[in-house]
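Read the structure below first, then the notes.
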Amino acid sequence: MLLKIVTIGDERLSQKSTDVESVNDEIRTLVKNMFDTMYAANGIGLAGVQVGVMKRLFVIDVPGKIGSTKIAMINPVIKEMSAEKELGEEGCLSLPGTCGEVLRSKRITVEYTDLKGKRKTLKATGLLAVCIQHEYDHLDGITFVDRLDPNERNVKIRESKKYMKQNGF
């Protein structure tokens, strides 16, 4: 089932999400629907808040050299972030029609609970690390434009709102 994606202007995007209490059938169904919604929107990541669910979880599927990295992360905690950073272009399903250059750590270590309720640790680099940091920000009420300078942030928000109006969002 496809879910409605929350877009810029919705106050939920600036609110912190709460922990998932237990990994149950309701959460597993939500995760399946989030993957379906993300794929339908041609995204590589989607956080619970982006579909109006204020819980600390996100789904990602990052293309790579050995196929994709399809992961659901529940109650993730970034444990380490490299001091070495890289500037890269990011977009967001909640801000369609715009993108911006964001500074992110090149390497991270994240702990999360999987769909079986098991706690796991993942070391990530490249696009996977960027995607995890981007989606993790959503759980804390931060969108990528919040990481831009204020003038550029305002320009990107206006671009997205204009795009949404022109495209019937």
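Values for this structure:
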item	result
Those residues of region 116-144 which are farther than 15 Å from VAL49 by Cβ, within 13 Å of the chain's Cα centre (by Cα) and touching a residue at least 40 places away in the same chain (Cβ under 8 Å), in sequence order	LEU127, LEU128, VAL130, CYS131, ILE132, GLN133
Test: LEU103 is touching a Gly at 6+ places or on another chain (Cβ under 7 Å) and in contact (Cβ under 8 Å) with a residue 12 or more places away in the chain	no
Qualifying position, being among the charged types (D, E, K, R) and either assigned to a strand (DSSP E or B) or in contact with a strand residue (DSSP E or B) (Cβ under 7 Å, 6 or more places away or on another chain) (or both), among GLU159, GLU135	GLU135
Qualifying strands (runs of 3 or more DSSP E) (wholly inside region 32-113; at least 3 residues being touching a Phe, Trp or Tyr at 6+ places or on another chain (Cβ under 7 Å) and surrounded by 15 or more Cβ atoms within 10 Å (Cβ to Cβ))	45-47, 67-81
Restricting region 1-31 to residues that are in a helix (DSSP H, G or I) and β-branched (Val, Ile, Thr), the residue that is nearest to the chain's Cα centre (by Cα)	VAL31
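Yes/no matrix, rows are residues, columns are (1) farther than 18 Å from GLY126 by Cα; (2) of a type in the set (S, T, N, Q); (3) without any contact (Cβ under 8 Å) to a residue 40 or more places away in the chain:
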{"site": "ARG12", "(1), (2), (3)": "yes, no, no"}
{"site": "PHE35", "(1), (2), (3)": "yes, no, yes"}
{"site": "ALA40", "(1), (2), (3)": "yes, no, yes"}
{"site": "ALA47", "(1), (2), (3)": "yes, no, no"}
{"site": "ASP61", "(1), (2), (3)": "no, no, yes"}
{"site": "ALA83", "(1), (2), (3)": "no, no, yes"}
{"site": "THR113", "(1), (2), (3)": "yes, yes, no"}
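None of the figures in this text is laboratory data; all of them are computed from the coordinates on show. For clarity, every value in this text was computed on a predicted model and none was experimentally measured. All Cβ positions, glycine included, derive from the backbone under ideal geometry; neighbour counts span all protein chains shown.
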